[in-house]
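Colleague: The following block contains the structure, expressed as structure tokens.
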């Protein structure tokens, strides 16, 4: 899921375990604030290579145990990979 309201990209630990080439987790516990003033605990970070159709991107994502979805691509991913979101056409481009 691409989330322009999220500052950081986050992957659920179970999604990470399903990857064929599982990246190394740099363990470091952190506590993040969510948009609705909740808390999200992360256990570390991983370097991810993400391909969306023909667009290959990279990001350092945090790893969470309690996340409502498998992967959140935040503004850090959008900025680092120079992604343009075209809402009228419901697509992205680089």
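Colleague: Share of antiparallel DSSP beta bridges in the chain, in percent to the nearest 5?
Modeller: Numbers: 21 of 25 bridges.
If we restrict to bridges inside the chain, about 85 percent are antiparallel.
Colleague: Another question about this same structure. Could you check which residue among 40, 16, 31 shows the biggest mean-square fluctuation in a GNM of the chain with a 10 Å Cα cutoff?
Modeller: Result for the chain, Cα springs under 10 Å: 31 fluctuates most.
Colleague: Note the full-extension length gain between residue 86 and residue 65 as 0.36 nm times their separation in residues minus their Cα-Cα distance, in nm to one decimal.
Modeller: Details: separation 21, 0.36 × 21 = 7.56 nm, distance 3.11 nm.
Once the chain is fully extended between residue 86 and residue 65, it gains 4.5 nm.
Colleague: Say each of residue 76 and residue 49 gets a label point 7 Å from the Cα, pointing the same way as Cα to Cβ; how far apart are those two points in nm?
Modeller: Between residue 76 and residue 49, the simple spin-label model gives 2.0 nm.
Colleague: Step by step: find N for region 1-47, compute 2.2 N^0.38 Å, then divide the Cα radius of gyration by it. What's the final number?
Modeller: Against the empirical 2.2 N^0.38 Å value, I get 1.24 for region 1-47.
Colleague: Hey, can you rank 46-54, 66-74, 86-94 by average C-beta count inside 10 Å, highest first?
Modeller: With the highest mean Cβ count within 10 Å placed first, the list reads 66-74, 46-54, 86-94.
Colleague: Sticking with this one: Whole number please: convex hull volume per residue of the Cα set in the chain, in Å³? Working shown, then result.
Modeller: Working: hull volume 9.4 nm³, N = 94.
Dividing the Cα hull volume of the chain by its residue count gives 100 Å³.
Colleague: Go ahead and estimate [θ] at 222 nm for the chain from helices alone: -39,500 (n - 2.57) per DSSP H run with n ≥ 4, summed, over the residue count, rounded to 500. Don't jump to the answer; show the numbers that get you there.
Modeller: Values: 2 runs with 11 residues, N = 94.
Mean residue ellipticity at 222 nm (helix-derived): -2500 deg cm²/dmol.
We did not get these values from a lab; they are worked out from the coordinates using the rules stated. In this text, all values refer to a predicted model and were calculated from it rather than measured experimentally. Virtual Cβ from ideal backbone geometry, glycine too; neighbours counted across all protein chains shown.
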